[in-house]
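A.B. asks: The following block contains the structure, expressed as structure tokens.
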Amino acid sequence: MKIPTTLKHKPVVVSENYEQVDGRYAGKTDAKGLSLGLAQWNDRGKVDISAKVWRYTGEKWSRQSEELPLHRVLDLSILICRTMAHFREAYRYENLYDPEKPVIDRVGLQGDAMTVAVCTDNERIDEDIKLFGQALRDDDELIGERLRTLSGILKEMGY
């Protein structure tokens, strides 16, 4: 199932076969894909990358929220890391990816593999991927700090 590209959230990196690797829900889930993209709340001149988090308006829970099981949070973390690794070498491509080979990686999970790919169905992918790459660079220190922290914790845990 294809992730919509016509909504306010603009997917840049996608895993459209997530239903096949969704932990204990694999094969029988309504979670069909994961995406990292340009946030729907972007203001003019400011670009953020989004993944959903519980949001509260002060009066009620936001409809933009989604509760994520821990394995999905980790799957999103894997997607983020593979995406960041891609963007470290993306300068080699004119449009920051190879249109002939949009698959970045296949990450083995639960006997199958989560596909990580540039969303070539996004009609504005060439523009959006540049904005996405810039936002990643702008947030490099913020994200890097968390990845180093996570790395240290994982090492402490024996991973």
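A.B. asks: Go through segment 30-51 and give me each residue that's of a type in the set (S, T, N, Q) and modelled with pLDDT of 75 or more.
C.D. replies: If the condition is that a residue be of a type in the set (S, T, N, Q) and modelled with pLDDT of 75 or more, then Ser35 is the only one that fits.
A.B. asks: Separate question: Kindly evaluate Asn95 against the criterion of being part of a loop (DSSP other than H, G, I, E, B), within 19 Å of Lys8 (Cα to Cα) and either among the aromatic types (Phe, Trp, Tyr) or touching a helix residue (DSSP H, G or I) at 6+ places or on another chain (Cβ under 7 Å) (or both). Before you say what the answer is, go through the steps one by one.
C.D. replies: Working: part of a loop (DSSP other than H, G, I, E, B): yes; within 19 Å of Lys8 (Cα to Cα): no; either among the aromatic types (Phe, Trp, Tyr) or touching a helix residue (DSSP H, G or I) at 6+ places or on another chain (Cβ under 7 Å) (or both): yes.
No: the conditions fail for Asn95.
A.B. asks: Here's another thing I want to ask about it. Out of all the residues in segment 99-136, which are of a type outside the set (A, V, I, L, M) and over 28 Å from Lys8 (Cβ atoms)?
C.D. replies: Let us first name the residues in segment 99-136 that are of a type outside the set (A, V, I, L, M), namely 99-102, 105-106, 108, 110-112, 115, 119-124, 126-128, 130, 132-134.
Within segment 99-136, Glu100, Lys101, Arg106, Gly108, Gln110, Gly111, Asp112 meet the criteria.
A.B. asks: Would you tally the residues in segment 122-157 being farther than 17 Å from Leu79 by Cβ and assigned to a loop (DSSP other than H, G, I, E, B)?
C.D. replies: Of the residues in segment 122-157, 3 are farther than 17 Å from Leu79 by Cβ and assigned to a loop (DSSP other than H, G, I, E, B).
A.B. asks: Between Asp121, Asp128, Asp105, which is within 24 Å of Gln40 (Cα to Cα), touching a strand residue (DSSP E or B) at 6+ places or on another chain (Cβ under 7 Å), surrounded by 13 or more Cβ atoms within 10 Å (Cβ to Cβ) and not polar (S, T, N, Q)?
C.D. replies: It is Asp128.
A.B. asks: Something else now. More than 19 Å from Asp121 (Cα to Cα), surrounded by 12 or more Cβ atoms within 10 Å (Cβ to Cβ) and either modelled with pLDDT under 75 or hydrophobic (A, V, I, L, M, F, W, C) (or both): which single residue out of Leu70, Leu74 fits that description?
C.D. replies: Only one candidate qualifies: Leu74.
A.B. asks: When segment 85-101 is examined, which residues are found to be buried (at least 17 other Cβ atoms within 10 Å of the Cβ) and of a type outside the set (Phe, Trp, Tyr)?
C.D. replies: Across segment 85-101, the qualifying residues are His86, Ala90, Leu96.
A.B. asks: Just give me the residues in segment 1-34 being out of contact with any Cys (no Cβ under 8 Å at 6 or more places or on another chain) and part of a strand (DSSP E or B), in sequence order. Full working, then the answer.
C.D. replies: At the first step, the residues of segment 1-34 found to be out of contact with any Cys (no Cβ under 8 Å at 6 or more places or on another chain) are 1-2, 4, 6-10, 15-34.
Lys10, Ser15, Leu34, listed by residue number.
A.B. asks: For Arg106, which of the numbered conditions (1) out of contact with any Ser or Thr (no Cβ under 9 Å at 6 or more places or on another chain); (2) of a type in the set (D, E, K, R); (3) part of a strand (DSSP E or B) fails to hold?
C.D. replies: Here Arg106 meets the rest and fails (1).
The values are calculated or read from the model by the stated rules, or taken from the named source; none is laboratory data. Note that this is a predicted model, so its numbers are computed, not measured. Reconstructed Cβ throughout: ideal geometry from the backbone, glycine too, with neighbour counts over all protein chains shown.
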